[in-house]
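The values are calculated or read from the model by the stated rules, or taken from the named source; none is laboratory data. None of the values given here were measured: they were computed from a predicted structure. Glycine also receives a Cβ, built like all others from the backbone with ideal geometry; neighbour counts cover every protein chain displayed. In case anyone asks, the SASA skips ligands and DNA or RNA and just uses the protein heavy atoms, side chains included. Shrake-Rupley method; radii C 1.70, N 1.55, O 1.52, S 1.80 Å.
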Amino acid sequence: MSALAPPTDGLGRPLGVLRLSLTARCNLACPYCLPDGQEPAGLLSLEQRLRVVETAVALGAHSLRLTGGEPLLHPQLESMLEAVQPLRMQGLRDIALTSNGTLLNANRARALRAAGLDRITLSLDGADGASVARMAGLRDPSAGERTLDAVLAAIGHAREAGFDPAAGALKLNAVIQRGRNDDQLLPLAELCRGQGLELRLIEYMDVGNRNGWSPAEVVSASEMVERIDARWPLETIGRDPHGTAHRWRYRDRTGGIAVVASVSQPFCGDCNRLRVTADGVAYTCLFAAPSSGLDLKPWLHPTGDPTGLRQALAHLWRGRHDRYSEERQTSAGGRNHAEMAYLGG
Ligand code: SAM
Ligand code: SF4
């Protein structure tokens with residue numbers, strides 16, 4: 001294979017998606033994620049991030065997801081979106097954002113749309129104040145109520161700004177943890193059905209080392225589907241190639257749900273995702289050990305050789321053999337993982 005051809009990894013998987021974290025900070029402290037209160041040293045500049053995106057697109061990435069920490073905390077989010085637009089001519093087809101939504105007011109939603117954002121996924125783990133407070137690390141139910149109101153308002157702002165749920169441009173993520181918010185499955189499904197939103201139910205994952213993850217707290221995707229199907233019958237759509245979610249639609253044609261079964265039904269076999277942290281460290285797996293990241297900063301100096309970054313990323317991708325979620329099923333686990341808010345989900 002030529003050095004310039006888009007690489008496939010050691011298991012034959014192409015690069016398709018770049019998940020770029022803009023900040024490791026967050027204005028919430030969800031106990032299953034537990035972000036750092038501060039940024040790592042060596043945050044990338046907008047110009048450096050743009051070079052990372054350009055290079056990933058040149059290596060085959062067609063989709064960019066901006067994440068964090070909380071990406072709406074980043075003052076240059078809109079500038080970043082504007083700066084990557086020319087890459088649509090090079091093969092970038094889809095630009096998405098994952099956010100907790102608490103800072104998404106009407107102006108910001110319009111600004112994101114105007115800057116060229118295609119899709120937003122908002123995260124919300126409960127449909128009442130007490131559940132939201134518990135899952136978001138807030139001190140009391142009234143703080144949870146205010147957060148819930150802010151996210152519900154954000155859904156409206158995003159819709160009004162042109163992010164159409166019917167076109168897949170607005171979705172809701174919820175992490176479900178047994179004993180903490182599994183009673184919210186039906187309320188969240190009802191909330192999303194009422195809004196025409198796809199609810200993406202995420203199995204609680206062993207990302208990072210701080211959340212005290214235990215398999216007993218995982219509600220499997222099949223259990224989640226069963227419980228919703230018993231109330232509102234579902235039929236399967238399936239998982240898109242390289243996708244993370246198995247999608248289901250309600251038989252009454254009122255929309256659908258998706259389940260991300262990273263623990264119970266891993267989808268490593270066609271994983272096409274590269275992750276780059278806010279300080280420019282590249283990881284090829286959500287469950288990677290901190291030491292396995294490749295620091296891209298040596299190739300991101302303003303005077304650096306522009307082909308160096310491409311060679312470094314291509315080399316990283318070609319050498320990739322990650323299939324941690326599949327391996328977790330046959331081993332006791334216990335690996336040291338980089339933190340979720342650092343990696344960006
Ligand atoms: N702050 C933004 C948000 O919450 O949407 C973006 C970053 S957050 C790390 C991205 C996604 O990862 C969120 O939907 C969050 O719920 C999910 N997440 C975080 N920790 C998780 C865990 N341990 N298991 C499963 N999903 C997790
Ligand atoms: Fe913040 Fe998102 Fe992590 Fe919650 S999941 S603490 S909102 S980064």
- Those residues of segment 187-208 that are loosely packed, with under 15 Cβ neighbours inside 10 Å and either out of contact with any Gly (no Cβ under 9 Å at 6 or more places or on another chain) or part of a loop (DSSP other than H, G, I, E, B) (or both) come to a total of 2
- Item | Residues (over 19 Å from the mean Cα position of the chain (by Cα), crowded, with 18+ Cβ neighbours inside 10 Å and part of a strand (DSSP E or B)) located in segment 209-249 | L234, W248
- Some residue of segment 80-100 being within 15 Å of ligand 2 (Cβ to nearest atom) and in a loop (DSSP other than H, G, I, E, B): yes
- Message: Checking the conditions here, which among L92, L28, L59 is within 16 Å of ligand 1 (Cβ to nearest atom) and either within 20 Å of L124 (Cα to Cα) or open to solvent by less than 10 Å² (accessible area, probe 1.4 Å) (or both)?
- Response: L28
- Counting just the residues of segment 31-56 that are in a helix (DSSP H, G or I) and closer than 20 Å to S99 by Cα, which one comes out most open to solvent (accessible area, probe 1.4 Å)? L46
- Task: Output the qualifying pairs, or none if there are none: Cβ atoms under 6 angstrom, residues six or more apart or on different chains, first residue in segment 166-177 and over 25 Å from V207 (Cβ atoms), second residue open to solvent by 10 Å² or more (accessible area, probe 1.4 Å) and more than 10 Å from ligand 1 (Cβ to nearest atom).
- Result: A169/R119
- Item | Test: residue in segment 334-345 that is over 19 Å from W213 (Cβ atoms), open to solvent by 20 Å² or more (accessible area, probe 1.4 Å), modelled with pLDDT under 90 and out of contact with any Phe, Trp or Tyr (no Cβ under 8 Å at 6 or more places or on another chain) | no
- Can P71 be described as in contact with a strand residue (DSSP E or B) (Cβ under 8 Å, 6 or more places away or on another chain), at pLDDT below 90 and either crowded, with 16+ Cβ neighbours inside 10 Å or at negative phi (or both)? no
- Task: Determine which member of the set P7, P35, P86 is within 10 Å of ligand 1 (Cβ to nearest atom) and either out of contact with any Cys (no Cβ under 7 Å at 6 or more places or on another chain) or touching a residue at least 24 places away in the same chain (Cβ under 8 Å) (or both).
- Result: P35
- Note on the structure: When segment 102-133 is checked residue by residue, the ones that are within 26 Å of G16 (Cα to Cα) and either more than 14 Å from ligand 2 (Cβ to nearest atom) or open to solvent by less than 30 Å² (accessible area, probe 1.4 Å) (or both) are L112, R113, A114, A115, G116, L117, D118, R119, I120, T121, L122
